[in-house]
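One structure is given below, encoded as structure tokens.
The values are calculated or read from the model by the stated rules, or taken from the named source; none is laboratory data. What you are looking at is a predicted structure, and each value in this text was computed from that prediction instead of being measured. Cβ placement follows ideal geometry from the backbone for every residue including glycine, while neighbour counts extend to all protein chains displayed. Surface areas here come from the heavy atoms of the whole protein model, side chains and all, with no ligands, DNA or RNA. Shrake-Rupley method; radii C 1.70, N 1.55, O 1.52, S 1.80 Å.
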Amino acid sequence: AQVPVNVTVTGAAGQIGYALLFRIASGQLLGPDTPVRLRLLEIPKAVKAAEGTAMELDDCAFPLLHGIDIFDDPRQAFEGANVALLVGARPRTEGMERGDLLEANGGIFKPQGEAINAGAADDIRVLVVGNPANTNALIAQAHAPDVPAERFTAMTRLDHNRAVSQLAGKLGVQVTEISKLTIWGNHSATQYPDIFHAEVAGKNAAEAVNDEGWLRDTFIPTVAKRGAAIIKARGASSAASAANAAIDHVRDWVLGTPEGDWTSAAIVSDGSYGVPEGLISSFPVVSREGRWEIVQGLEIDAFSRERIDASVRELGEERDAVRALGLI
Ligand code: NAX
């Protein structure tokens with residue numbers, strides 16, 4: 001029998017956690033042959049709620065679920081972790097400045113980075129979902145000097161999936177016809193969904209759309225502001241779709257991306273495409289043998305360059321801000 005994989009999930013009692021845990025436990029994260037042990041991290045006052053979710057997980061009698069442990073101490077929660085999904089974060093509340101937000105999240109992601117450094121398994125892979133995701137990932141990574149930097153990633157897969165769906169809708173095709181779309185930059189309103197290299201049934205998608213007005217005034221803002229539109233409609237932020245994207249990201253990272261396509265993930269920049277080395281920025285990526293690789297050699301025209309640069313500039317500002325706060 002296979003050794004169970006330890007999956008640590010923070011913010012386990014939150015709404016994304018609730019959508020995520022059942023899918024992990026049912027085998028959708030790592031495949032139908034891989035048993036998992038869940039290690040849930042919550043703040044003390046939400047431990048009870050996490051226990052309730054654990055009761056429901058028990059009640060599913062998932063064959064692949066080999067155990068659930070609940071913690072309010074990061075050191076324990078990340079002990080032996082092979083995969084860590086950092087979902088819990090401090091949301092921006094009214095009157096909160098960006099500096100306050102970054103500082104509050106520094107108080108979460110610094111100790112979690114330290115705990116990962118101290119106790120996670122050698123093959124640890126970290127996905128940060130909690131916002132501001134890219135910069136939270138940078139903070140955690142800065143406090144895990146013994147873990148290869150490339151193991152810290154942030155989620156732009158939800159943006160990617162949103163963009164695929166919007167583009168398929170515009171062209172009247174199934175999502176399976178769309179490939180090679182890219183989200184560049186920060187998981188924020190400055191992100192840039194790029195269709196210039198995307199394909200629809202093997203043909204260039206930008207040419208198939210042939211409508212720069214739609215691209216600029218509809219597609220890009222619809223993708224970038226989709227989170228706000230969901231809140232407006234649902235009265236709560238994206239949860240099941242965010243959990244779905246987290247599953248997609250980790251599954252592709254561990255099991256590989258399909259031949260002939262790529263996806264989007266925020267990973268540590270090696271300087272590709274003019275993105276300063278060390279920033280955790282979204283790129284076109286493939287996963288081979290358990291590692292993300294940036295797709296190289298794409299031509300970036302002036303329209304795309306301007307938008308990539310703007311989002312990357314924001315990432316640089318966030319990095320400078322957390323540096324000034326002593327968080328990295
Ligand atoms: P919820 O507020 O429902 O849940 C968050 C949970 O995290 C709470 O149960 C809270 O007790 C817990 N938590 C807080 N601090 C913690 C800590 N130090 N250790 C462990 N747990 C802690 O939020 P939810 O809707 O689940 O969203 C979670 C995060 O995902 C938010 O930061 C949100 O902004 C972010 N998102 C990121 C997305 C992305 O694409 N990267 C999309 C969806 C989502 O908006």
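Contact map, region 120-149: residues that are within 16 Å of the ligand (Cβ to nearest atom) paired with residues that are open to solvent by less than 30 Å² (accessible area, probe 1.4 Å) and acidic (D, E), Cβ distance under 7 Å, separation 6+ or inter-chain. Pairs shown: P132/E318; T135/E318. Among the residues of region 85-118, the ones that are within 12 Å of the ligand (Cβ to nearest atom) and in contact with a Lys or Arg (Cβ under 7 Å, 6 or more places away or on another chain) come to 5 in all. Restricting the first member to region 5-16 and to residues that are over 11 Å from I43 (Cα atoms) and open to solvent by 30 Å² or more (accessible area, probe 1.4 Å), and the second to residues that are near the ligand (Cβ under 9 Å from one of its atoms) and modelled with pLDDT of 95 or more, the beta-carbon pairs closer than 6 Å and six or more apart or on different chains are Q15/A239; I16/V87; I16/A239; I16/A242; I16/A243.
The residues in region 17-70 that are in contact (Cβ under 8 Å) with a residue 24 or more places away in the chain and surrounded by 15 or more Cβ atoms within 10 Å (Cβ to Cβ) can be counted, and the count is 36. Could you please find all residues in region 301-328 being part of a loop (DSSP other than H, G, I, E, B) and touching a residue at least 40 places away in the same chain (Cβ under 8 Å)? Those that are part of a loop (DSSP other than H, G, I, E, B) and touching a residue at least 40 places away in the same chain (Cβ under 8 Å): D301, L325, L327, I328.
Residues are listed down the side, and each one gets a yes or a no for (1) open to solvent by less than 10 Å² (accessible area, probe 1.4 Å); (2) within 19 Å of A149 (Cα to Cα); (3) in contact (Cβ under 8 Å) with a residue 24 or more places away in the chain:
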| site | (1), (2), (3) |
| --- | --- |
| W253 | yes, yes, yes |
| G256 | no, no, yes |
| S264 | yes, yes, yes |
| I280 | yes, yes, yes |
| E289 | no, yes, yes |
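Taking the criterion of being within 16 Å of the ligand (Cβ to nearest atom) and open to solvent by less than 70 Å² (accessible area, probe 1.4 Å), the residues of region 210-239 that qualify are T222, V223, A224, G227, A228, A229, I230, G235, A236, S237, S238, A239.
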